[in-house]
Each structure stands twice: as C-alpha cells, then as structure tokens.
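Below is one structure; the comments refer to it alone.
The values are calculated or read from the model by the stated rules, or taken from the named source; none is laboratory data. Worth saying up front: this structure is predicted, and the values here are computed from it rather than measured. Here the Cβ is made from the backbone with ideal geometry for all residues, glycine too, and neighbour counts use every protein chain on show. When the accessible area is computed, the model is the full protein with side chains, heavy atoms only, and any ligands, DNA or RNA have been set aside. Shrake-Rupley method; radii C 1.70, N 1.55, O 1.52, S 1.80 Å.
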Amino acid sequence: MRTLVLGRTPARVTAVLDTLRADGFDAEGVSTDEEARKLLESGEFGVLVIGGGVGPDSRAAIKELAARYQVRRVIDGALAEPFDAYVRREFEPLIREAAAG
C-alpha cells in the first residue's frame, strides 16, 4: 500500500521516507499542498501522513481530498527525535493496519 507523506520541512520528509523505504514501505513525500493534491488525485495512495507543520486550513483541505480518493488512513504526525524510532513506533504500525484492513 502506497503511503504519501506531506511535511513542510523537506529534510524531515526525507528522514521519514528513508526509514519507511528501508523498512520495505512504498512511500512518496512532498512539501506543498499542490504536490500532495496531484498525487492524491492519482488514486494510488492508501495512507497519508500529515506532518505537524501543516497548518489547520491546509490540513483540513488535504484530509477532505484524501477522503474523496478513498485514502484508508490519515495519520497526523509531529516528528520527535530520533526520527527513525518515531516513524517505526508511531507510523509503521498504523500503515500496516491500514494495509491489512
């Protein structure tokens, strides 16, 4: 199941993607709402991770779009260091759960 990561800080998006990909997940990451919209509209993503830096208006609009394109799980996240441990503890179990459901 493909996962889309939306975060405002490119280095943090890269850190999340590095961990997810190293652990066998199919993930893409972007830093703008426009990029996220284009990818969500492809219908290829089952999980969406929205970083803590994404403001409330953008967050609401992206969540609405995700629902329209049948994204199975939306995860609100705010990374804490070490990033890899956080991703493995907080994101990966939810992604697995969405893929199994």
Count of segment 26-44 residues which are farther than 17 Å from residue 95 by Cα and in a loop (DSSP other than H, G, I, E, B): 4
Failed item in (1) surrounded by 15 or more Cβ atoms within 10 Å (Cβ to Cβ); (2) assigned to a helix (DSSP H, G or I), with residue 89 passing the rest: (1)
So residue 24, is it open to solvent by 40 Å² or more (accessible area, probe 1.4 Å) and free of Cβ contacts under 8 Å to residues at least 24 places away in the same chain: yes
Condition broken by residue 52, with the remaining ones in (1) at pLDDT below 95; (2) touching a helix residue (DSSP H, G or I) at 6+ places or on another chain (Cβ under 8 Å) satisfied: (2)
Number of the condition not met by residue 1 [criteria: (1) free of Cβ contacts under 8 Å to residues at least 60 places away in the same chain; (2) open to solvent by 50 Å² or more (accessible area, probe 1.4 Å)]: (1)
Only one of 74, 47 that is surrounded by 20 or more Cβ atoms within 10 Å (Cβ to Cβ) and either β-branched (Val, Ile, Thr) or in a helix (DSSP H, G or I) (or both): 47
All positions within segment 52-71 that are of a type in the set (A, V, I, L, M), open to solvent by 40 Å² or more (accessible area, probe 1.4 Å) and either more than 17 Å from residue 31 (Cβ to Cβ) or free of Cβ contacts under 8 Å to residues at least 12 places away in the same chain (or both): 60, 67
Residue list for segment 1-25, filter: modelled with pLDDT of 95 or more, part of a loop (DSSP other than H, G, I, E, B) and over 11 Å from the mean Cα position of the chain (by Cα): 8, 9, 23, 24, 25
